[in-house]
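Have a look at the structure below, then the notes.
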Amino acid sequence: MTVLLKIEEAPRGAPAPRPQGWALWALGFRPFYLLASGFAALSIALWALQFSGVLGGAYLAGPLWHAHEMVFGFTLAVVVGFLFTAGRNWSGQDTPSGRALMALAALWLLARVLVLTPWGVAAAVANVAFPLLAAWGLFRALRRGNNQRNYFFAGLLVLMALGAALVHAERLGLSLLPGWAGIQIGLDVVLFMMAVMGGRVIPMFTNNGVPGTQATRHPRIEQGALASVLALLVADALGLPGVVVFSIAAVAALLHGARLALWQPWKTLRVPLVWVLHAAYLWIPLHLALRAAAALDLLPSSFATHALTVGAIGGLTIAMMTRTARGHTGRPLRADGFDVACYALVLAAGVVRVGGPLLWPAGYVHALLCSAALWSAGFGLYAVRYWPALTRPRLDGKPG
């Protein structure tokens, strides 16, 4: 089975030395995990400032700002941090670090600020340039290491840039295509990334972390699951009729549900670092089922969207952010109480955001506020807890 990330566990029983110095710019996951978690925790305050009128002159405002920043702000930061870290292992070559990584992080931060100002052109340039430069940084490492198998990840980052460009082109009056199409393309690209990476790492982590588990991958189901997500992306890009989207999403939901069942999630309940991956991945077939219902106007599309963003993206990012941060800072691959609290808060945010309005439509506002608070608390706790680990050198003295 292909290894996506080489994660090493600190020697058992060995005293953990106290790392000295500053290592924030040593590897991509360090700054981007901190930026993403901090931004997620602050999102409630930014929403409040918008609603209160303090940010009334913002270039992007209201639901469009929220959707754009969830996809091209928070999620893209985690994706880039993860791919830079994985890309170094895939290729054996350095991905951006040091000043280059610092410049990319500064560009990401500048893009978050500019969308809250009236300077639309500058905001557009920054938001499109970030994924393009990240794609180039990843591609250079893969090319030097002759790792052609993973070139497509750089291509997916270019598609993210295209999605961002569609949003800003419509906002600036340069395109007749709806900006929300760019949001949907971004979401579909992220869904495909999660499907690919989930299939690579979840069965492996399950078998390695839970003795006796026999998580398997069926070739036909793997191919169908990934192909169905790509088909959904094409259907959205072409604006195909709802009945076509329904058919694709319904088949995809069944395939991803079968895929998850083969990984035996019920055997992982005693290992938080593993069960959180399964719990988060469960949101993908749920999202696809809700997407199918929304295509036939049986449910508002927001249920499917938030099952993907809060449930699947939120759950898988917090799961991988804790695991890769532990493994790549030389710490034991064991979730502690703080990690479990992060998992519980973020996953609960998804349940409340999707399940609350479904079961109690009159309590929509209460569910939204409660979900936002849970989300903010989960990622805020991560930022505070992992700040020392992400900014200091590895415990084992290795580079990265």
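Values quoted throughout were computed directly from the atomic coordinates according to the rules given, and no laboratory measurement underlies them. What you are looking at is a predicted structure, and each value in this text was computed from that prediction instead of being measured. FYI the Cβ positions are ideal-geometry reconstructions off the backbone, even for glycines, and counts take in every protein chain you see.
Binning all Cα-Cα separations of segment 265-307 at 5 Å, short to long from zero, yields these whole-percent fractions: 6, 25, 21, 14, 12, 11, 8, 3. How far is the Cα center of segment 130-151 from the Cα center of segment 153-176, in Å? So the separation of the two Cα centres works out to 20 Å.
Calculated mean residue ellipticity at 222 nm for the chain: -24000 deg cm²/dmol, from DSSP H runs with n ≥ 4 weighted as -39500 (n - 2.57), summed, divided by the residue count and rounded to 500.
Taking the inverse of the mean reciprocal distance over all distinct Cα pairs, the Kirkwood hydrodynamic radius of segment 360-400 comes to 12.8 Å.
Using R0 = 56 Å, the C-beta based FRET efficiency linking TRP136 and TRP360 works out to 0.75. Distances between every pair of Cα atoms in segment 148-189, grouped in 5 Å steps from 0 to the bin holding the largest one, split as 6, 26, 26, 17, 12, 7, 4, 1 percent. Which listed residue (ALA362, ALA325, TRP263) has the Cα farthest towards the positive end of the charge dipole for segment 260-400, taking +1 on Lys and Arg C-beta and -1 on Asp and Glu C-beta about the Cα centre? Of the options given, the answer is ALA325. Comparing LEU286, LEU49, LEU142 in a Gaussian network model of the chain where C-alpha atoms under 10 Å apart are linked, the largest mean-square fluctuation is found at LEU49.
Taken over the Cα atoms of segment 295-389, the convex hull encloses 89 Å³ per residue. Ellipsoid fit via the Cα gyration tensor, segment 203-251: semi-axes of 33, 9, 9 Å, each the root of five times an eigenvalue, largest first.
Relative contact order for segment 232-306: 36 percent, from Cα pairs under 8 Å spaced at least 6 residues apart, divided by residue count. Taking the inverse of the mean 1/r over every pair of distinct Cα atoms in segment 21-91 gives a Kirkwood hydrodynamic radius of 13.5 Å. Once the convex hull of all Cα atoms in segment 226-265 is built, its volume per residue stands at 52 Å³.
One equal scatterer on each Cα of segment 22-155, no solvent, Debye formula: the resulting log10 I(q)/I(0) at q = 0.09 Å⁻¹ is -0.28.
Annotation note: trypsin sites (Lys or Arg not before Pro) in segment 295-392 located in DSSP loop regions with a Cβ neighbour count of at most 15 within 10 Å are ARG334. In segment 245-324, the alpha-carbon atoms span a convex hull of 80 Å³ per residue.
Kirkwood-type hydrodynamic radius, segment 292-332: 12.0 Å, calculated from all non-identical alpha-carbon pairs. Running a GNM on the chain with Cα contacts under 10 Å, which residue among ILE284, ILE313, ILE44 ends up with the highest mean-square fluctuation? The residue that fluctuates most here is ILE44. For the chain, a Gaussian network of Cα nodes joined below 10 Å ranks LEU298, LEU64, LEU255 by mean-square fluctuation, and the top entry is LEU298.
Shape analysis of the chain places it in the rounded category; the axes a ≥ b ≥ c from the Cα gyration tensor give an a/c below 1.5. For segment 123-242, the gyration tensor built on C-alpha atoms gives an oblate shape. Its axis ratio a/c (a ≥ b ≥ c) is at least 1.5, and a/b is not larger than b/c.
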